[in-house]
1. Could you tell me whether R127 is under 26 Å from I42 (Cα atoms), among the charged types (D, E, K, R) and surrounded by 13 or more Cβ atoms within 10 Å (Cβ to Cβ)?
2. Could you identify the single residue in L67, L102, L121, L88 that is at pLDDT below 80 and of a type in the set (A, V, I, L, M)?
3. Condition test on D113, is it open to solvent by 60 Å² or more (accessible area, probe 1.4 Å), out of contact with any Lys or Arg (no Cβ under 6 Å at 6 or more places or on another chain), at pLDDT below 90 and not small (G, A, S)?
4. Looking only at the range 7-26, decide whether some residue is within 24 Å of N117 (Cα to Cα), out of contact with any helix residue (DSSP H, G or I) (no Cβ under 6 Å at 6 or more places or on another chain), at pLDDT below 90 and not in a loop (DSSP other than H, G, I, E, B).
5. On the given criteria, is S87 among the polar types (S, T, N, Q), open to solvent by 90 Å² or more (accessible area, probe 1.4 Å), more than 18 Å from the chain's Cα centre (by Cα) and within 23 Å of P11 (Cβ to Cβ)?
6. In the range 48-62, which residues are in a strand (DSSP E or B) and free of Cβ contacts under 8 Å to residues at least 12 places away in the same chain?
7. Do you know which residues across the range 72-114 are charged (D, E, K, R) and in a loop (DSSP other than H, G, I, E, B)?
8. Being open to solvent by less than 40 Å² (accessible area, probe 1.4 Å) and under 28 Å from D159 (Cα atoms), is that true of even one residue in the range 55-63?
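The values are calculated or read from the model by the stated rules, or taken from the named source; none is laboratory data. Predicted model only: the values in this text are computed from it and were never measured. FYI the Cβ positions are ideal-geometry reconstructions off the backbone, even for glycines, and counts take in every protein chain you see. Each accessible area value is taken on the protein alone, full model and side chains, heavy atoms only, with ligands, DNA and RNA left out. Shrake-Rupley method; radii C 1.70, N 1.55, O 1.52, S 1.80 Å.
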Amino acid sequence: QKEGAGAGGEPVQVEERRCPEGRAFGRGCKVAMRFGELVDRIEGGETRLYLTTQELPLLSGGGEALLAPPLSALREKLPLRPRLAGSLCPQSLNLWYGRTDLREGTTSGLHHDHHDNLYCLLRGRKRLRLYAPSDAPRMRTHGRVRRVHPNGRINYAGDPTA
(Lines give C-alpha, C1' and ligand atoms only; values in the text may rest on other atoms or scores of the structure.)
Protein backbone atom coordinates (compact mmCIF):
# COMPACT_ATOMS: atom_id res chain seq x y z
CA GLN A 1 0.00 0.00 0.00
CA LYS A 2 1.22 3.45 -0.91
CA GLU A 3 2.77 5.65 1.79
CA GLY A 4 0.32 8.19 3.12
CA ALA A 5 -2.61 6.24 1.60
CA GLY A 6 -4.62 6.51 4.84
CA ALA A 7 -4.35 10.29 4.61
CA GLY A 8 -4.04 10.62 0.83
CA GLY A 9 -7.45 12.22 0.38
CA GLU A 10 -6.91 14.85 3.09
CA PRO A 11 -6.89 18.48 1.92
CA VAL A 12 -3.70 20.40 2.77
CA GLN A 13 -2.28 23.85 2.13
CA VAL A 14 1.20 23.50 0.61
CA GLU A 15 3.84 26.22 0.54
CA GLU A 16 5.56 26.94 -2.78
CA ARG A 17 9.30 27.53 -2.46
CA ARG A 18 9.42 29.74 -5.57
CA CYS A 19 6.27 31.79 -5.58
CA PRO A 20 4.97 32.99 -8.98
CA GLU A 21 4.10 36.39 -7.46
CA GLY A 22 7.71 36.89 -6.40
CA ARG A 23 6.97 36.57 -2.67
CA ALA A 24 9.64 34.88 -0.59
CA PHE A 25 9.20 31.36 0.78
CA GLY A 26 7.37 31.45 4.10
CA ARG A 27 5.37 34.54 3.13
CA GLY A 28 2.02 32.96 2.42
CA CYS A 29 2.28 31.62 -1.12
CA LYS A 30 0.23 28.44 -0.70
CA VAL A 31 -1.66 26.10 -2.96
CA ALA A 32 -4.44 23.68 -1.99
CA MET A 33 -4.16 19.99 -2.89
CA ARG A 34 -4.77 16.54 -1.49
CA PHE A 35 -1.99 15.03 0.61
CA GLY A 36 -1.74 12.05 -1.77
CA GLU A 37 -1.03 14.38 -4.69
CA LEU A 38 1.73 16.06 -2.69
CA VAL A 39 3.30 12.68 -1.86
CA ASP A 40 3.15 11.65 -5.54
CA ARG A 41 4.74 14.90 -6.69
CA ILE A 42 7.52 14.78 -4.08
CA GLU A 43 8.23 11.12 -4.86
CA GLY A 44 8.42 12.18 -8.52
CA GLY A 45 11.21 14.67 -7.73
CA GLU A 46 9.25 17.89 -7.10
CA THR A 47 11.33 20.30 -4.99
CA ARG A 48 9.14 23.44 -5.04
CA LEU A 49 6.42 22.19 -2.69
CA TYR A 50 6.68 21.99 1.08
CA LEU A 51 4.07 20.97 3.64
CA THR A 52 4.22 23.15 6.73
CA THR A 53 2.00 23.53 9.78
CA GLN A 54 -1.68 23.21 8.92
CA GLU A 55 -4.39 25.24 10.63
CA LEU A 56 -5.69 23.33 13.63
CA PRO A 57 -9.46 22.81 13.75
CA LEU A 58 -11.32 24.47 16.63
CA LEU A 59 -12.92 22.18 19.20
CA SER A 60 -16.61 22.57 20.02
CA GLY A 61 -15.78 23.31 23.68
CA GLY A 62 -13.13 25.87 22.75
CA GLY A 63 -9.42 25.58 22.04
CA GLU A 64 -7.68 23.86 19.15
CA ALA A 65 -7.47 20.21 18.21
CA LEU A 66 -4.17 18.37 18.70
CA LEU A 67 -3.99 17.27 15.04
CA ALA A 68 -4.72 18.87 11.67
CA PRO A 69 -4.88 17.17 8.27
CA PRO A 70 -3.20 15.01 7.13
CA LEU A 71 -2.23 13.71 10.60
CA SER A 72 -5.84 13.82 11.84
CA ALA A 73 -6.67 11.03 9.37
CA LEU A 74 -3.96 8.89 10.98
CA ARG A 75 -5.06 9.54 14.59
CA GLU A 76 -5.53 5.83 15.36
CA LYS A 77 -2.06 4.96 14.02
CA LEU A 78 -0.08 7.73 15.74
CA PRO A 79 1.08 7.71 19.34
CA LEU A 80 -0.28 11.01 20.61
CA ARG A 81 2.39 10.94 23.29
CA PRO A 82 5.51 9.19 21.95
CA ARG A 83 7.36 7.20 24.60
CA LEU A 84 10.54 9.21 24.10
CA ALA A 85 8.64 12.40 25.03
CA GLY A 86 8.58 11.25 28.64
CA SER A 87 6.27 13.44 30.69
CA LEU A 88 5.91 16.12 27.99
CA CYS A 89 2.31 16.67 26.97
CA PRO A 90 2.11 17.73 23.29
CA GLN A 91 0.13 20.85 22.50
CA SER A 92 -0.02 20.06 18.78
CA LEU A 93 1.48 17.56 16.36
CA ASN A 94 2.57 18.81 12.94
CA LEU A 95 4.12 17.30 9.86
CA TRP A 96 6.65 19.21 7.74
CA TYR A 97 7.33 17.42 4.48
CA GLY A 98 9.32 18.26 1.39
CA ARG A 99 12.29 17.49 -0.80
CA THR A 100 15.28 19.52 -1.82
CA ASP A 101 17.46 19.60 -4.89
CA LEU A 102 20.78 18.31 -3.55
CA ARG A 103 22.68 20.70 -5.83
CA GLU A 104 20.92 23.75 -4.40
CA GLY A 105 20.27 22.72 -0.81
CA THR A 106 17.93 24.68 1.44
CA THR A 107 18.12 26.62 4.65
CA SER A 108 15.45 27.69 7.06
CA GLY A 109 17.54 30.51 8.45
CA LEU A 110 18.14 31.18 12.12
CA HIS A 111 14.85 30.96 14.00
CA HIS A 112 13.26 29.44 17.06
CA ASP A 113 10.07 27.52 17.54
CA HIS A 114 7.68 28.06 20.42
CA HIS A 115 6.94 24.33 20.60
CA ASP A 116 9.07 21.29 21.26
CA ASN A 117 10.21 19.41 18.16
CA LEU A 118 11.00 15.84 17.25
CA TYR A 119 13.05 16.00 14.05
CA CYS A 120 13.12 12.93 11.78
CA LEU A 121 15.11 13.03 8.57
CA LEU A 122 13.93 10.29 6.22
CA ARG A 123 16.72 10.52 3.66
CA GLY A 124 19.88 12.51 3.07
CA ARG A 125 21.53 14.77 5.62
CA LYS A 126 20.92 18.06 7.33
CA ARG A 127 23.07 20.20 9.56
CA LEU A 128 21.32 21.71 12.57
CA ARG A 129 22.92 24.41 14.66
CA LEU A 130 21.36 24.60 18.08
CA TYR A 131 21.80 27.51 20.46
CA ALA A 132 20.76 27.79 24.08
CA PRO A 133 17.73 30.04 24.68
CA SER A 134 19.95 32.04 27.03
CA ASP A 135 21.93 33.17 23.93
CA ALA A 136 18.87 35.01 22.51
CA PRO A 137 19.67 38.43 24.04
CA ARG A 138 23.04 38.38 22.22
CA MET A 139 21.56 37.52 18.80
CA ARG A 140 19.98 39.72 16.14
CA THR A 141 16.37 38.80 16.72
CA HIS A 142 13.25 40.20 15.05
CA GLY A 143 12.03 42.04 18.12
CA ARG A 144 13.49 42.86 21.51
CA VAL A 145 13.83 39.86 23.84
CA ARG A 146 11.78 40.61 26.92
CA ARG A 147 12.14 37.35 28.84
CA VAL A 148 13.64 33.90 28.52
CA HIS A 149 11.66 31.46 30.68
CA PRO A 150 13.33 28.61 32.60
CA ASN A 151 11.84 26.13 30.08
CA GLY A 152 13.51 28.02 27.19
CA ARG A 153 10.44 29.86 25.87
CA ILE A 154 11.36 33.33 24.58
CA ASN A 155 8.98 36.29 24.83
CA TYR A 156 9.40 39.51 22.87
CA ALA A 157 8.42 43.00 23.95
CA GLY A 158 4.99 43.92 22.60
CA ASP A 159 3.91 40.33 21.88
CA PRO A 160 0.64 39.28 23.55
CA THR A 161 2.44 36.40 25.30
CA ALA A 162 5.09 38.71 26.78
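1. Working: under 26 Å from I42 (Cα atoms): yes; among the charged types (D, E, K, R): yes; surrounded by 13 or more Cβ atoms within 10 Å (Cβ to Cβ): no.
In short, no.
2. L102
3. yes
4. Yes, some residue in the range 7-26 is within 24 Å of N117 (Cα to Cα), out of contact with any helix residue (DSSP H, G or I) (no Cβ under 6 Å at 6 or more places or on another chain), at pLDDT below 90 and not in a loop (DSSP other than H, G, I, E, B).
5. no
6. L58
7. Within the range 72-114, R81, R99, D101, R103, E104, D113 meet the criteria.
8. Yes, some residue in the range 55-63 is open to solvent by less than 40 Å² (accessible area, probe 1.4 Å) and under 28 Å from D159 (Cα atoms).
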